[in-house]
Amino acid sequence: MGQRRVSVLLPLPLAGAYDYLVPPELALEPGDFVAAPLGPNEFLGVVWGEASGEVPVARLKAIIDRLDVPPLSQVQRRFVDWVAQYTVSPPGAVLRMAMSVSAALEPKRPILAYRRTDEPPGTMTVTPARRRVLALLADGPPRPMGEIAREAGVGTSVVKGLVALHQLEAVELPPPPSFREPDWRHPGPTLSADQEAAATALRLLLDRPGFAVTLLDGVTGSGKTEVYFEAIAAALAQGKQALVLLPEIALSAEWLARFESRFGVAPAAWHSDLTQAERRVTWRAVAEGVARVVVGARSALFLPYPELGLIVVDEEHDGAFKQEDGVIYHARDMAIVRAQLGQHPVVLSSATPSLESLVNVESGRYRRLGLPDRHAGASLPTIEAIDMRGIRMPATQFLSPPLRQAVADTLAQGEQAMLFLNRRGYAPLTLCRTCGHRLNCPNCSTWLVEHRLAGRLQCHHCGRMERLPLQCPACGAEGSLAACGPGVERLAEEMRALAPAARLAVMASDTIGGPAEAAEIVRSIREHEVDIVIGTQMVAKGHNFPMLTLVGVVDADLGLAGGDLRASERTYQLLHQVAGRAGRAERPGRVLMQTYQPGEAVIAALIAGDRDRFIEAETQSREAACMPPFGRLVALIISGHDVDAVIRTARLLGQKAPRGDGVSVLGQAPAPLSLLRGRHRHRLLLKAPRNVRVQPLVQAWLAQVKVPGSVRVAVDIDPYSFM
Ligand code: ADP
Ligand code: ZN
């Protein structure tokens with residue numbers, strides 16, 4: 001009998017799994033994590049199945065070792081293959097998302113933390129960096145090295161230096177807090193009749209396992225979270241793990257607090273702000289089934305759950321679920337696939353469901369559970385337009401007299417107001433009044449945004465920063481550069497002049513340092529330590545502010561300007577969410593929207609509160625144009641530093657484009673963002689009827705064109721961005 005062979009998938013962008021010999025002493029099963037050689041290196045991978053047999057035994061290398069980690073389940077492996085196939089990505093690139101931290105696969109190591117010693121400083125030079133570290137550790141528990149460096153704003157060498165000087169010493173930390181089981185027996189709040197009906201329907205689904213998609217469709221403040229908590233409790237009671245995907249995990253302090261008060265413990269959180277150590281511990285806890293409930297951003301979908309029994313996608317319409325680089329995927333859509341493979345329910349929750357989901361409800365594929373009323377009888381806000389066409393204002397003023405008056409009235413009543421503008425910084429454009437030159441980013445085809453607080457210009461695409469020049473870079477005129485248009489900083493300036501005594505808070509991703517700071521601002525708003533909140537979409541989501549009774553939308557037309565496929569839908573969702581911040585408690589809310597196009601369908605629907613009519617019109621226009629979800633789109637983004645190579649590749653792909661059977665390819669022009677981070681970009685857009693399987697088409701298409709090494713072709717199935 002010959003030696004046993006298996007195929008092993010490595011977390012690398014290779015075409016597929018490779019065959020390896022199994023040393024006789026290793027008993028391997030599919031799903032086992034192993035160490036295997038590739039070229040001169042050793043990689044960690046997963047036994048994927050039987051060997052392909054394509055490579056002669058004599059040329060095969062042997063697996064080095066099996067790792068002491070629970071195997072990747074069959075469902076999880078099929079999920080990796082499915083996502084790879086659907087997104088036209090190498091399976092290893094998808095596996096890499098599932099493995100995430102290779103350190104998690106290594107034997108458990110003790111975690112070291114550092115504390116101060118009693119050693120006198122002696123002749124040591126106390127540099128400011130050292131002083132910060134010593135001050136940080138003056139009291140409180142020992143902390144890990146990385147955390148000390150981060151909190152004190154120093155390099156780890158400073159910490160190591162202090163250890164060498166015996167000012168700090170290492171101690172072994174007890175194993176990290178175990179992920180205690182959430183107490184699902186603990187009763188939740190008394191549900192309203194609508195909530196109870198929805199919760200009962202979800203509990204029934206969990207009682208008999210099987211795949212089902214439920215859309216929890218309820219107005220903002222109707223208590224959807226409490227309803228899906230009941231589904232989580234039911235999953236836990238069945239001995240299953242549950243996953244909740246949230247779009248903006250950084251803002252979920254309020255969500256976490258609610259989970260804790262419902263279940264007595266915090267869930268395991270998974271997001272980009274975790275440290276390496278936290279990742280390692282959480283990944284392990286999920287793999288070992290210790291972590292029972294995970295809440296996370298889209299990447300949490302790829303964690304190695306052995307017993308997943310429920311996925312909840314909260315704010316399912318949110319664009320943040322689309323991952324735009326690396327493996328390009330939509331976490332909501334992939335969550336549904338994961339649930340189908342795992343044969344368990346998935347709950348999509350939103351006050352403004354995506355058109356895709358509503359169409360699926362219509363066709364009977366998804367079940368809809370509605371919550372039509374706000375919790376505890378709170379009323380929905382009234383929404384009015386301020387028609388800006390008839391209003392004359394100086395070019396440096398952005399708040400119209402009616403909006404100013406409404407803010408003043410609100411403050412006079414001792415209530416809170418919010419101004420919403422989805423633009424960070426001070427001004428989106430800086431223009432020379434002498435020659436008309438606009439300050440733009442040299443790396444991207446976009447304007448630089450002035451951030452006056454930080455004293456600089458910034459590119460919102462590549463992050464480039466510069467000082468605001470004193471002279472126009474084009475004509476040299478001095479003192480001629482003028483800020484055009486408003487960002488939230490500029491609104492704050494206008495508001496400060498109007499209401500000098502009012503307490504202002506600006507909320508935008510760049511003015512807020514991190515989750516802790518965001519939570520603190522949210523708390524201060526909730527506790528009425530703030531009178532006026534000025535913010536970007538960061539303020540739109542999820543918060544309950546009981547004293548907030550006025551929401552002013554400064555530019556309701558902003559999101560419509562780009563005009564892509566989903567511009568109207570996105571604008572509707574965003575403005576509806578923002579409006580939903582007003583009047584969440586017993587005080588009724590009022591929303592004023594400044595607009596130059598009050599007759600526009602989106603604005604009219606918001607004012608009339610007629611979502612159904614808007615959705616119906618959108619659905620019809622998409623259906624007529626054969627656009628998603630009635631047709632399929634695939635974008636190819638061709639990019640590189642060498643503009644000629646990019647154009648040549650785009651042209652070749654254009655020539656070889658598939659045609660016929662209703663398939664067409666549009667584009668071949670430079671992308672709207674024709675330069676991004678120094679890379680030139682072209683786009684092609686393939687459009688196909690719904691019944692066409694686009695992946696084989698795209699693969700065959702790409703196979704016909706030799707792409708130079710300097711050019712990258714990214715495949716975006718179901719694109720949401722058209723830039
Ligand atoms: P949604 O997610 O639908 O916008 P939430 O779940 O955030 O609504 O609920 C809105 C507010 O009402 C929250 O403050 C929540 O704690 C409260 N709430 C919802 N349902 C109940 C209930 N059954 N009992 C007590 N409070 C509730
Ligand atoms: Zn840039």
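The values are calculated or read from the model by the stated rules, or taken from the named source; none is laboratory data. Remember, it's a predicted structure, so these values are computed and weren't measured experimentally. Here Cβ is always computed from backbone atoms with ideal geometry, including for glycine, and neighbour counts include all displayed protein chains. Accessible surface is based on the protein model in full, side chains and every heavy atom, while ligands, DNA and RNA are left aside. Shrake-Rupley method; radii C 1.70, N 1.55, O 1.52, S 1.80 Å.
For K61, the solvent-accessible surface computed with a 1.4 Å probe is close to 90 Å², ligands and nucleic acids excluded. Accessible area per residue for the chain, computed on protein heavy atoms with a 1.4 Å probe, is 44 Å². Each of L355, S639, A385 was scored by the projection of its Cα onto the charge dipole of the chain, and the greatest displacement toward the positive side belongs to S639; charges sit on the C-beta of Lys, Arg, Asp and Glu.
In this calculation the C-beta distance from C626 to Y596 is compared with R0 = 25 Å, giving a FRET efficiency of 0.20. Model label sites at A700 and A266, defined 7 Å from Cα along the beta-carbon direction, differ in position by 5.3 nm. Close amide H partners of M418, meaning residues 5 or more places away or on another chain with modelled amide H under 5 Å apart, are V533, L550, V551, G552. Net charge dipole, the chain: roughly 1560 debye, given to the nearest 20, about the Cα centre with Cβ charges of +1 for Lys and Arg and -1 for Asp and Glu.
Pick out, from G2, G45, P141, the residue whose Cα sits farthest towards the positive end of the charge dipole of region 1-147, with +1 on the Cβ of Lys and Arg and -1 on the Cβ of Asp and Glu. Most positive-ward Cα: P141.
Computed from the Cβ-Cβ distance with R0 of 25 Å, the FRET efficiency linking R503 to R389 stands at 0.15. Proximity of backbone amide H atoms, modeled 1.01 Å from N, is registered between V69 and F33 at under 5 Å, excluding neighbours fewer than 5 places apart on the same chain. Using only the Cα atoms of region 588-723, build the gyration tensor, take square roots of its eigenvalues as a ≥ b ≥ c, and label the shape rounded, prolate or oblate: rounded if a/c is under 1.5, else prolate if a/b is larger than b/c, else oblate. Verdict is oblate for region 588-723. To the nearest 10, the accessible area of D661 is 140 Å² with a 1.4 Å probe.
Per-residue extension of 0.36 nm, minus the Cα-Cα distance of S664 and V707, leaves a gain of 13.3 nm for this segment. Scanning residues 5 or more positions from D318 or on other chains, none has an amide H under 5 Å from its amide H, with H placed 1.01 Å from N in the peptide plane. Dipole check for region 551-636: with +1 at the C-beta of Lys and Arg, -1 at the C-beta of Asp and Glu, and the Cα centre as origin, the magnitude is about 300 Debye.
Note on region 450-489: dipole from Cβ charges, positive end direction compared against A482, G463, H451; the farthest Cα belongs to G463.
Could you please put R389, R59 in sequence from largest to smallest accessible area, using a 1.4 Å probe? Don't skip to the end; give the middle numbers.
Numbers: R389 135, R59 175 Å².
Ranked list, largest accessible area first: R59, R389.
Only helical runs count toward this figure. For the chain, summing -39,500 (n - 2.57) over DSSP H runs of n ≥ 4 and dividing by all residues gives -9000 deg cm²/dmol at 222 nm. Using only the Cα atoms of the chain, build the gyration tensor, take square roots of its eigenvalues as a ≥ b ≥ c, and label the shape rounded, prolate or oblate: rounded if a/c is under 1.5, else prolate if a/b is larger than b/c, else oblate. Rounded, because the longest to shortest axis ratio a/c is under 1.5. Let me know the shape class of region 347-460, please: from the alpha-carbon gyration tensor, a ≥ b ≥ c as square roots of the eigenvalues, rounded when a/c is under 1.5, otherwise prolate if a/b is greater than b/c, or oblate. Oblate. The distance separating the Cα centre of region 23-44 from that of region 623-671 comes to 40 Å.
Subtracting the Cα-Cα distance of E529 and E181 from 0.36 nm times their residue separation leaves 121.7 nm of extension gain. Placing +1 on each Lys and Arg Cβ and -1 on each Asp and Glu Cβ, with no other charges, gives region 577-708 a dipole about its Cα centre of roughly 500 debye.
How long is the gain from Q238 to Q340 if the chain were fully straight, where each residue apart is worth 0.36 nm and the alpha carbon distance is subtracted? Write out the running numbers ahead of the final one.
Numbers: separation 102, 0.36 × 102 = 36.72 nm, distance 1.82 nm.
Gain on stretching Q238 to Q340: 34.9 nm.
Distance from the alpha carbon centroid of region 206-231 to that of region 463-502 works out to 46 angstrom.
For the chain, averaging the sequence separation of C-alpha pairs within contact (under 8 Å, six or more residues apart) and dividing by the residue count gives a relative contact order of 11 percent. The trypsin sites (Lys or Arg not before Pro) found in region 464-496 that occupy coil by DSSP, while having at most 10 further C-beta atoms within 10 Å, are R467.
For the pair R404 and A35, what calculated FRET efficiency results from E = 1/(1 + (r/R0)^6), where r is the Cβ-Cβ distance and R0 = 60 Å, to the nearest 0.05?
Details: r = 67 Å, r/R0 = 1.11.
Efficiency, rounded to the nearest 0.05: 0.35.
Ligands, DNA and RNA left out, the 1.4 Å accessible surface of the chain is 52% carbon and sulfur atoms. D409 contributes an accessible area of around 70 Å² to the protein surface, as traced by a 1.4 Å probe with all chains present.
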